[in-house]
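Derivation of every value follows stated rules applied to the coordinates shown; laboratory data play no part. Just so it is clear, the structure is predicted and the values come from calculations on it, not from any experiment. Cβ: placed from backbone, ideal geometry, glycine included. Neighbour counts: every protein chain shown.
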């Protein structure tokens, strides 16, 4: 493994955690912010109700997203296991068909008939290794990690809570919904922009573009929620 | 490609769309349900406010999830393109190192030294095919589809709206929050159970277990939201 590959793999591990935080926090900043904005447009609603609704949303959202993330990870593991079993079964039941399939893979890469046969004959001697190759190549699957699934759930859930507290805090420190909305817009826009900027920077995309995209989604969601709430209240 | 593989690949395409719908609808059923349940516990809140808050949440959530899904797809494409460039660059700059890396892959599968050399010599003749192999094998990456990203965004967003309307409808057809909560619990529990059952059935997991898990997450989120709202109101 040369240095660049090692670097890339470290980068990848970091980006798994980062991806979780990004998923949780961007939704956390956006949805409670938009909900609070929507409720601000309703005449009879006080800051107290907005905060209560916001906290209810944050706790529900963090459970749904956190557990959702955990279950997605568990499903991935179950999918891997069932595909693994299928691959072993196919090797037993359709031995020659599987060998031909494997030769065809190398044929597509322009390898000679002789090489195709040689590779597959050697590869098919060890069934475990053969299955491992087919899993990685045909299905692009690596064995997923249950610990990752648990970490992922925690990261997403906590990030959602942290993100959600930000827009809500404005309603705690003001007394009128309209003032809460104003300060909430200011601090959340600043956070969405900063967060979008660093998110893009770490994932290697143009930071300014990422900052603008993240901010626009948040404001769009808030504007839509404000409009819908005004329409139906 | 023998019949079982063709079947598996068709299955995979369906499961992409299904996954989107599952993601959107399970969150749609859960979060607005829990938010409404939370608000029901607050003394001064009317059905009208619950419906307004619910609709604001649904529209904000569908925008955040739908656009989130679209951007995740776009990021995947950008990631693929940057990895592709890196792989081409490495082949140019570290030609021998890359050849050795490629031989090592086959060495791990127990292939003979002779086979390793033969394969890699033949494979490295065509740079496009070589890069394609390394991308698929080393990174498990297939070229993602921009059309998929757009479809995915639409599926998730619409599924979230459809899922969210279900628990909210109970508050439309009742006049007191407590009655709304009661009917909302009944219809949402039934939907979560049914939805969890079919979701697991189509993804090949034990349906009853899946139905129970989905239902429990939804009820857990609602109970937590109810508790938090009562605590802070």
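Remark: B:41, B:26 ranked as B:41, B:26, counting other beta-carbon atoms within 10 Å and listing the fewest first. Mean partner shielding of peptide B:31-41, defined as the number of other chain Cβ atoms within 10 Å of each residue Cβ, is 5.
Fewest to most neighbouring Cβ within 10 Å: what's the order for B:78, A:108, A:57? Don't skip to the answer; put the middle values down first.
Values: B:78 15, A:108 11, A:57 33.
Placing the least packed residue first, the sequence is A:108, B:78, A:57.
Hey, what D do you get for the protein assembly as shown in µm²/s if you plug the Kirkwood alpha-carbon radius into Stokes-Einstein at 4 °C and 1.567 mPa s? Could the numbers behind the result be given before it?
Values: Rh = 24.1 Å.
The calculation lands on 54 µm²/s.
Each other copy holds its own label point for residue B:44; taking that point as 7 Å from Cα along Cα to Cβ, the gaps run 1.2 nm, nearest first. To test your reading of the geometry: what angle, between 0 and 90 degrees and rounded to tens, separates the Cα axis of helix B:113-123 from the longest principal axis of chain B? Helix B:113-123 and the main axis of chain B meet at about 80 degrees.
Would you please classify the overall shape of region A:78-148 from the alpha carbon gyration tensor, given that a ≥ b ≥ c denote the square roots of the eigenvalues, rounded means a/c under 1.5, and beyond that prolate means a/b larger than b/c while oblate covers the rest? Don't skip to the end; give the middle numbers.
Details: a/c = 2.48, a/b = 1.77, b/c = 1.40.
Note, shape of region A:78-148 comes out prolate.
Kirkwood Rh over Cα pairs of region A:191-233 into Stokes-Einstein at 37 °C, 0.692 mPa s: D in µm²/s? Value of D from the Cα-based Kirkwood radius: 299 µm²/s.
Cut-off is 10 Å between beta-carbons; in what order do B:175, B:188, A:75, A:214 appear when sorted fewest neighbours first? Don't skip to the end; give the middle numbers.
Values: B:175 10, B:188 28, A:75 20, A:214 25.
Least crowded to most crowded, the residues run B:175, A:75, A:214, B:188.
Here the relative contact order of chain B, from alpha carbon pairs under 8 Å that lie six or more residues apart, stands at 40 percent. With label points defined 7 Å past Cα in the direction of Cβ, position residue B:127 shows copy-to-copy spacings of 4.3 nm, given to one decimal and shortest first.
Okay, helix-only estimate at 222 nm for the protein assembly as shown: each DSSP H run of n ≥ 4 adds -39500 (n - 2.57), divide by all residues, round to 500 deg cm²/dmol; what do you get? Don't jump to the answer; show the numbers that get you there.
Working: 16 runs with 404 residues, N = 466.
Result for the protein assembly as shown: -31000 deg cm²/dmol, rounded to the nearest 500.
If you model chain A as an ellipsoid using its alpha carbon gyration tensor, with each semi-axis the square root of five times an eigenvalue, the axes come out at 51, 19, 15 Å, biggest first. Using C-alpha pairs under 8 Å with a sequence gap of at least 6, the mean separation divided by the residue count of region B:109-233 gives a relative contact order of 11 percent.
The alpha carbon centroids of region A:181-225 and region A:73-114 are separated by 44 Å.
Plainly put, the tip 7 Å out from Cα toward Cβ on residue A:100 is 4.0 nm from that tip on each other copy, the closest given first.
Tell me whether region B:29-118 comes out rounded, prolate or oblate; compute the Cα gyration tensor, take square roots of the eigenvalues as a ≥ b ≥ c, and use a/c under 1.5 as the rounded threshold.
It is prolate, given that a/c is not under 1.5 and a/b is the larger ratio.
Compared with the dominant Cα axis of chain A, that is its longest principal axis, helix A:177-202 is turned about 30°.
Pull out a ≥ b ≥ c, the square roots of the eigenvalues of the alpha-carbon gyration tensor of region A:107-212, then state rounded if a/c is under 1.5, prolate if not and a/b is larger than b/c, and oblate in the remaining case. Working shown, then result.
On the way: a/c = 6.91, a/b = 2.91, b/c = 2.37.
The shape class here is prolate.
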